1. Restricting attention to region 171-182, and to residues there that are open to solvent by less than 50 Å² (accessible area, probe 1.4 Å) and touching an Asp or Glu at 6+ places or on another chain (Cβ under 6 Å), which single residue is nearest to D46 (Cα to Cα)?
2. Of all residues in region 72-91, how many are farther than 16 Å from E141 by Cα and either among the aliphatic types (A, V, I, L, M) or exposed (fewer than 13 other Cβ atoms within 10 Å of the Cβ) (or both)?
3. Is there a residue being modelled with pLDDT under 95, open to solvent by 60 Å² or more (accessible area, probe 1.4 Å) and in a helix (DSSP H, G or I) anywhere in region 94-108?
4. What do you reckon, is N147 in a loop (DSSP other than H, G, I, E, B), at pLDDT below 95 and of a type in the set (S, T, N, Q)?
5. For region 1-43, what are the residues that are modelled with pLDDT of 95 or more and among the polar types (S, T, N, Q)?
6. Answer with yes or no whether V140 is of a type outside the set (S, T, Y), at pLDDT 90 or above and in contact with a helix residue (DSSP H, G or I) (Cβ under 7 Å, 6 or more places away or on another chain).
7. Under 6 Å between Cβ atoms, which residue pairs at least 6 apart in sequence (or on different chains) link something in region 181-193 that is within 11 Å of E171 (Cβ to Cβ) with a partner that is open to solvent by less than 90 Å² (accessible area, probe 1.4 Å) and outside any loop (DSSP other than H, G, I, E, B)?
8. Looking only at region 155-170, how many residues end up being out of contact with any helix residue (DSSP H, G or I) (no Cβ under 8 Å at 6 or more places or on another chain) and open to solvent by less than 40 Å² (accessible area, probe 1.4 Å)?
Amino acid sequence: MNDIDHYLDKGRKFHGEVCAGIVIGTRIALAGMRELGMDPDEENRDLIVYVEIDRCMADAIQAITGVTMGHRTLKYRDYGKFAATFHDLSTKKAVRISTVEPKKLPQSEVKGDDSKSNMKDMVDELTLAPEDELLKIEQVEVDIGENDIPGFPKFKTYCEECGDRILDRREVLVNGQTLCKACAEGPYYQKIE
């Protein structure tokens, strides 16, 4: 890891600050790309990344790798873990990188406060920690279905309840009726009349 400050700065610009999650996400992104033989300073059109948490780490991974949800190269799985899987579409090689439980708690966690000086200590400790004490790297297989790969939608339909268009085989069949997930399972929002 030669010039981590350059990549931490990319994460800071994207996220707004450098915090522990940005450091972890940066280290995960750099390790994942290295394991796949990809250069983080080049466009990597064959890279798909699955992030397992919707916190700061995900912003760092997006800033370093260039993957985005809009290009369908950033995928989110709500596991609540500081982990990400990097998949090279051209070689089918994939690697999952997660954080390991530290053998000893960083001094910043022992102090137990959320002050700016404590965050700086944590950032410094995570930046300098040996990779094998911070990350677990595993070779994995990822089965990406044809409706999950980047590119134009391969299938579209309409919800028979609300009429919304549904792309990429995300529809649900209920009693022979084609529904969107919001109509089938209940939406996360409430309509105001």
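The values are calculated or read from the model by the stated rules, or taken from the named source; none is laboratory data. Note that the structure is a prediction, hence the values are computed from the model and not measured. Because the Cβ atoms are built from the backbone with ideal geometry, glycine has one as well, and the counts that use them run over all protein chains shown. Accessible surface areas use protein heavy atoms only, side chains included; no ligands, DNA or RNA. Shrake-Rupley method; radii C 1.70, N 1.55, O 1.52, S 1.80 Å.
1. Across region 171-182, the extreme among qualifying residues is C180.
2. 4
3. There is at least one residue in region 94-108 that is modelled with pLDDT under 95, open to solvent by 60 Å² or more (accessible area, probe 1.4 Å) and in a helix (DSSP H, G or I).
4. Criteria met by N147.
5. T26
6. Values: of a type outside the set (S, T, Y): yes; at pLDDT 90 or above: yes; in contact with a helix residue (DSSP H, G or I) (Cβ under 7 Å, 6 or more places away or on another chain): no.
Taking the combined requirement at face value, the residue does not satisfy it.
7. K181/V172; A184/V172; A184/V174
8. Final tally of qualifying residues: 3.
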